[in-house]
Amino acid sequence: MSRGLAPIWLCALLIGCGVFVTDDEVSRATGPTGTVDAVLVERNAGATVDFIYVAHVVKKGGSLSEGTRVARFYGARRNDLAYGVNLRWKDASTLWLEFYTATRQTLEREVVPIGDLTVTVRLKPKTKDNKALPGGMLYNLERPLHE
């Protein structure tokens with residue numbers, strides 16, 4: 001094999017093995033007190049696996065490293081064609097993570113103290129969002145770029 005082709009083969013091998021994984025913030029919802037954000041990250045490991053969604057609670061405007069991971073979803077959908085999870089504040093201290101179906105879902109932290117507030121996190125399966133567009137959440141955020 002020519003040395004010029006080696007980098008191309010290596011790159012193709014790494015892509016095929018799912019080494020190029022992206023983690024993208026796809027939703028952020030500020031709670032009613034204005035001091036806390038719920039943040040959803042979409043992990044895309046390639047076309048051969050489902051999306052992974054990870055929910056976090058952080059101080060308003062804060063980074064994920066400053067917050068707490070509260071839930072994780074594999075293959076979550078908001079309707080039959082739309083992937084993802086909706087972040088919905090029920091009240092000042094209750095965060096609902098709404099989804100229609102998921103292959104797996106894990107509530108990692110049900111109660112999160114953050115600043116002067118204690119946030120209770122609830123999973124809300126079988127919550128169908130008929131307004132969610134088909135595809136992944138990042139794709140839909142970038143949809144004008146794809147059209």
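The values are calculated or read from the model by the stated rules, or taken from the named source; none is laboratory data. Just so we're clear, the structure is a prediction, and the values are computed from it rather than from any experiment. All Cβ positions, glycine included, derive from the backbone under ideal geometry; neighbour counts span all protein chains shown. Note: areas computed on protein heavy atoms with side chains; ligands, DNA, RNA excluded. Shrake-Rupley method; radii C 1.70, N 1.55, O 1.52, S 1.80 Å.
Here are some notes:
- Segment 128-143, subset of a type outside the set (Gly, Ala, Ser) and part of a loop (DSSP other than H, G, I, E, B), residue most open to solvent (accessible area, probe 1.4 Å): Lys131
- A single entry from Val111, Val57 fulfils the requirement of being on the phi < 0 side of the Ramachandran plot, of a type outside the set (Gly, Ala, Ser) and open to solvent by less than 70 Å² (accessible area, probe 1.4 Å): Val57.
- Residue match in segment 88-97 (condition: over 27 Å from Pro134 (Cβ atoms) and of a type in the set (A, V, I, L, M, F, W, C)): yes
- Tallying residues that are touching a Lys or Arg at 6+ places or on another chain (Cβ under 9 Å), within 17 Å of Val54 (Cβ to Cβ) and open to solvent by 60 Å² or more (accessible area, probe 1.4 Å) within segment 97-108 yields 5.
- Segment 114-127: number of residues that are more than 25 Å from Val36 (Cβ to Cβ) and surrounded by 17 or more Cβ atoms within 10 Å (Cβ to Cβ): 0
- Pairs are defined by a Cβ separation below 6 Å, a sequence spacing of at least 6 or placement on different chains, a first member in segment 88-103 that is of a type in the set (Gly, Ala, Ser), and a second member that is surrounded by 16 or more Cβ atoms within 10 Å (Cβ to Cβ) and in a strand (DSSP E or B); the pairs so defined are Ser93/Val119; Ala102/Phe73.
- Strands (runs of 3 or more DSSP E) (entirely within segment 41-93) containing at least 2 residues that are of a type in the set (D, E, K, R): 68-74, 86-91
- Tallying residues that are among the β-branched types (Val, Ile, Thr) and open to solvent by 30 Å² or more (accessible area, probe 1.4 Å) within segment 60-76 yields 1.
- The number of residues in segment 101-127 being closer than 22 Å to Asp23 by Cα, assigned to a loop (DSSP other than H, G, I, E, B) and over 14 Å from the mean Cα position of the chain (by Cα) comes to 3.
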